[in-house]
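Read the structure below first, then the notes.
The values are calculated or read from the model by the stated rules, or taken from the named source; none is laboratory data. Please read these numbers as outputs of a predicted model, since none were measured by experiment. Please note: Cβ atoms are built from the backbone with ideal geometry, for glycine as well, and neighbour counts cover all protein chains shown. All accessible areas refer to the heavy atoms of the entire protein, side chains included, with ligands and DNA or RNA removed. Shrake-Rupley method; radii C 1.70, N 1.55, O 1.52, S 1.80 Å.
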Amino acid sequence: MRRVQVVEQEFTALTETAGWLDQSDRSRLCLLGADRARFLHGQVTNDINGLGEFTGCYAALVNAKGKMESDLFAYRLADEILLDFEPGLTAAVLERLERYVIAEDVEIADVAPHFGLLTMQGPQAEAVLTELDLPAPTEPLTVAQTEDEIYIVHQPRLGTVGFDLFIPIDAMNAWRDRLATTAPQCQMPAFEKARVLATIPRFGVDLTTDHLPPEGGLETRAISYAKGCYIGQEIIARIRTYGKVTKVLRGLTLNGAAAVGDPVLHGEKPVGTLSSVCHEPSAALAIIKRAACELGTVLSVDTKNGSVSAQVATLPFEKFQ
């Protein structure tokens with residue numbers, strides 16, 4: 001019971017005031033060399049060449065069939081491009097990128113051993129940074145750099161206000177202590193509840209290597225249809241031109257407890273599988289077949305304790321009401 005109370009307190013901080021997490025387990029690569037922007041532009045779904053210095057974008061890395069290999073945030077710094085993406089994918093993304101470096105002047109380095117990542121999330125996150133005498137970039141995915149090599153990104157990871165702090169490893173303990181004096185440290189269960197209730201998909205959880213980016217609702221956030229060629233571009237463009245994907249991410253309200261992996265039914269027909277679940281309120285994310293994805297559609301979830309009614313409630317990146 002106490003753990004449930006702690007999660008609720010942390011969830012309240014992340015969604016109503018401010019809280020911070022240590023997300024140093026996330027993967028971080030840097031691209032160096034004169035051709036770094038042009039090279040990455042040809043690898044991901046969004047426009048890298050169009051980024052100004054100290055700005056960033058959200059993008060997907062897809063294969064030749066348009067299926068996702070990762071999502072990522074790319075930040076164009078003064079002398080490098082920083083990539084931030086899900087934990088455990090460093091080797092796979094590094095191998096994918098290096099496979100296509102042929103004659104370009106590009107070097108790819110793992111910088112996770114050198115920089116940690118602390119994230120401050122919540123409506124009062126900017127005020128917390130001000131209290132800490134840190135700059136707070138005003139536009140999403142823009143970057144500020146301090147004299148002691150801390151990179152601060154306007155990064156609303158939960159759909160409200162938020163900032164990522166990329167901090168040199170030898171300064172991490174001091175900054176953990178400083179943040180703890182201004183806001184509570186939170187853990188992933190509270191973060192995940194806030195993420196689910198904002199209908200924010202997570203690669204490796206809601207989206208996998210079996211999915212196309214449009215199935216996760218990433219069209220407006222991660223895809224540039226005007227940027228020109230990149231690996232997988234032909235498939236992504238064809239989907240937009242000639243038709244729609246056959247299944248899409250939706251947020252579901254649940255009338256009872258359910259678990260990740262429970263099948264979703266429309267009548268008696270399977271139409272999806274729960275990929276993320278939270279409780280109080282009971283809600284979930286799932287990739288749902290298009291025939292059953294309209295808002296308000298009544299579904300059911302087959303749980304270990306019997307059938308639970310569900311309803312399609314939100315589109316990607318929209319909050320549950």
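In what sequence, largest accessible area first, do 309, 300 appear using a 1.4 Å probe?
309, 300
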Listed by chain and number, the residues whose amide H is under 5 Å from that of residue 27, excluding neighbours fewer than 5 places away on the same chain and using placed H, are 85, 86, 88, 89
Calc'd 3J(HN,Hα), the stretch 307-321, phi into Karplus 6.51 cos²θ - 1.76 cosθ + 1.60 (θ = phi - 60°), Hz, glycine/Pro = x, comes to 7, 10, 6, 9, 9, 5, 10, 9, 8, x, 6, 10, 7, 5, 9
Per the helix-only model, the chain has a calculated mean residue ellipticity at 222 nm (DSSP H runs of ≥4, -39500 (n - 2.57) each, divided over all residues, rounded to the nearest 500) of -6000 deg cm²/dmol
To the nearest 20 debye, the stretch 1-85 has a Cα-centred charge dipole, built from +1 on Lys and Arg Cβ and -1 on Asp and Glu Cβ, of 300
Honestly the stretch 67-214 on the Cα gyration tensor test (a ≥ b ≥ c root eigenvalues; a/c under 1.5 rounded, otherwise a/b vs b/c for prolate or oblate) is just oblate
So the carbon and sulfur contribution to the accessible area of the stretch 1-52, 1.4 Å probe, in percent, is 50
Beyond 28 Å (Cα-Cα) in this structure, taken from 193/289; 65/319; 65/289; 244/269; 244/319; 269/304, we find 65/319
Ignoring ligands and nucleic acids, residue 102 exposes an accessible area, probe 1.4 Å, in Å² to the nearest 10, of 150
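Once the Cβ-Cβ distance between residue 127 and residue 32 is put in as r, and R0 is 45 Å, what FRET efficiency do you end up with, to the nearest 0.05?
0.80
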Honestly the stretch 206-321 on the Cα gyration tensor test (a ≥ b ≥ c root eigenvalues; a/c under 1.5 rounded, otherwise a/b vs b/c for prolate or oblate) is just prolate
With a 1.4 angstrom probe the carbon and sulfur portion of accessible area for the stretch 113-245, in percent, totals 51
Inter-part gap, Cα centre of the stretch 201-238 to Cα centre of the stretch 174-196, in whole angstrom, is 30
To the nearest Å², the heavy-atom accessible area per residue of the stretch 53-142 with 1.4 Å probe amounts to 43
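In Å², what does the accessible area per residue of the stretch 173-321 work out to with a 1.4 Å probe?
50
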Karplus ³J(HN,Hα) for the stretch 112-126 (6.51 cos²θ - 1.76 cosθ + 1.60, θ = phi - 60°; Hz, whole; x = Gly/Pro) runs 4, x, 10, 10, x, 9, 10, 10, 10, 10, x, x, 9, 4, 5
For residue 227, the aspartates and glutamates lying under 19 Å Cα to Cα, once residues fewer than eight places off in the same chain are dropped, come out as 35, 47, 53, 71, 219
Amide H proximity to residue 273 below 5 Å, modelled H, separation 5+ or other chain, gives 264, 287
Taking only protein heavy atoms and a 1.4 Å probe, the highest-to-lowest accessible-area order of 51, 179 is 51, 179
Here P(r) for the stretch 136-252, Cα-Cα distances in 10 Å bins, as whole percents, is 10, 30, 31, 21, 7, 0
Taking only C-alpha positions in the chain, Rg and Dmax in angstrom work out to 20.1, 61
Over all viewing directions the Cα convex hull of the stretch 191-257 casts an average projected area in nm² of 6.0
Checked the stretch 82-143 against the a/c 1.5 cut and the a/b vs b/c comparison, axes a ≥ b ≥ c from its Cα gyration tensor; verdict prolate
